[in-house]
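Data block below; observations after.
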Amino acid sequence: MEVERIEQVGQTFYALLPTVQTMIAGGTAPDTLRVGNYSAALFAARDALLPLDDFIANDPDVDWDDFYPGAQEAMKLDGRIYALPENGESYGINYNATAFAEKGLPDPRAQWDAGEWTQETFLTAAKALTEGEGPDKKFGFLFETWNSENWIFFEGGKVLEDDLTTVLIDQEAAIRGLQFAADLVNVHGVAPNPAELAGRPPVDLFQTGIARMYLLGGWYISNFVNGIKDFEYKTVGAPIGSAGKTSKLEISGYAITKDSKNPEAAWEFIKYITGPEGQRTWSEVGMPTRNSNLTEFIATSPYAEYFKPFVEVLTNVQHTPFFGKSAEIADALARGQDPIFLGQVDAATGCATMAEEMRAILAG
């Protein structure tokens, strides 16, 4: 099979939507499309993708149940499957084990394994690791607000109920999670505020030892393993909150466009690239979405030890439901949380504002 790759450099899954719609309208749609998170739902809601349910049901070589549940649900809209999962990444904390040892702090991974890596023990460590002032300040922790749903999920909260009609961002769990995160910046001073972060790539802050812990998805682990030379690098799960060991799930997959001129060939391609062999190749740098490949990954990958906490939470990962209005909900969350993290309003006030906007979006 010969495959032509059409690459849109620098564009996100979501920014590609107008480009692909233009290609479809002009009769030049690609046969397959890599989608991520709620972009699968956005394309499907605009009737741009082929449902894959019949392909799956009629192909004995495809074991849909081998994909773990979180990956399955991310590729659906209104109960129909529109993409095959390729790569799933949960979140965890990358940490400077050398700095922990120098401060005489317990090892986070040992605490995680014992169920003792709680928000309290995490905060104690972040405070101890923070030192200095001004441009020379070393931060105990670093996170980015674009993945703030994590803090909601850690506390067992949700942005929306799965029924897509009930807004939950203004409920106690969500408020508690976002307030805890905002306090790391504005009360405890263990994480940089937007001004301190401006113009400073977060990855660089961690790799150079300026930030001692860094919340991020697993996609950068291999870079850290191969790139960090000045301190011992380790990983641990995110702080254990009310929901136990969990995190947000970032997910990608492969879909077939509705106007594909070669749907059968496209199916063979996406079936292979998301199948056991394709995922075995992907597993050289990231986590697969098949249970069978995950078992092999943990047994054979040179990065397996670093990924273990990230794999452990996969049975409990979460995401805000993906549907036709996901982009509007995500935008309301992104804009509405800024005043919270800037310390301009408390989480209860900010969440109430977001909830009002989200209810208007759902009603429109």
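Summary table below
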read-out	value
Residue within segment 274-285 that is touching a helix residue (DSSP H, G or I) at 6+ places or on another chain (Cβ under 7 Å) and among the charged types (D, E, K, R) present	yes
Residue 184 being crowded, with 20+ Cβ neighbours inside 10 Å, under 17 Å from the mean Cα position of the chain (by Cα) and among the aliphatic types (A, V, I, L, M)	no
Residue among 360, 347, 352 that alone is in contact (Cβ under 8 Å) with a residue 24 or more places away in the chain, hydrophobic (A, V, I, L, M, F, W, C) and out of contact with any helix residue (DSSP H, G or I) (no Cβ under 6 Å at 6 or more places or on another chain)	352
In segment 88-136, residue surrounded by the fewest Cβ atoms within 10 Å (Cβ to Cβ) [restricted to those that are touching a Leu at 6+ places or on another chain (Cβ under 7 Å) and of a type in the set (S, T, N, Q)]	94
Selection status of residue 310, outside any helix (DSSP H, G or I), within 15 Å of residue 88 (Cβ to Cβ) and among the hydrophobic types (A, V, I, L, M, F, W, C)	no
Candidate set from segment 318-348 (those that are in a helix (DSSP H, G or I) and either touching a Pro at 6+ places or on another chain (Cβ under 8 Å) or acidic (Asp, Glu) (or both)); member that is nearest to residue 18 (Cα to Cα)	328
Total residues in segment 305-337, condition within 19 Å of the chain's Cα centre (by Cα), under 18 Å from residue 193 (Cα atoms) and surrounded by fewer than 23 Cβ atoms within 10 Å (Cβ to Cβ)	2
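Conditions (1) out of contact with any His (no Cβ under 8 Å at 6 or more places or on another chain); (2) of a type in the set (Asp, Glu); (3) buried (at least 21 other Cβ atoms within 10 Å of the Cβ); (4) farther than 23 Å from residue 132 by Cα, marked per residue:
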| position | (1), (2), (3), (4) |
| --- | --- |
| 202 | yes, no, no, no |
| 211 | yes, no, yes, no |
| 216 | yes, no, yes, yes |
| 220 | yes, no, no, yes |
| 223 | yes, no, no, yes |
| 227 | yes, no, no, yes |
| 230 | yes, yes, no, no |
| 236 | yes, no, yes, yes |
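Coordinate-derived values only; no laboratory data. For clarity, every value in this text was computed on a predicted model and none was experimentally measured. Glycine gets a Cβ as well: all are built from the backbone with ideal geometry, and neighbour counts include every protein chain shown.
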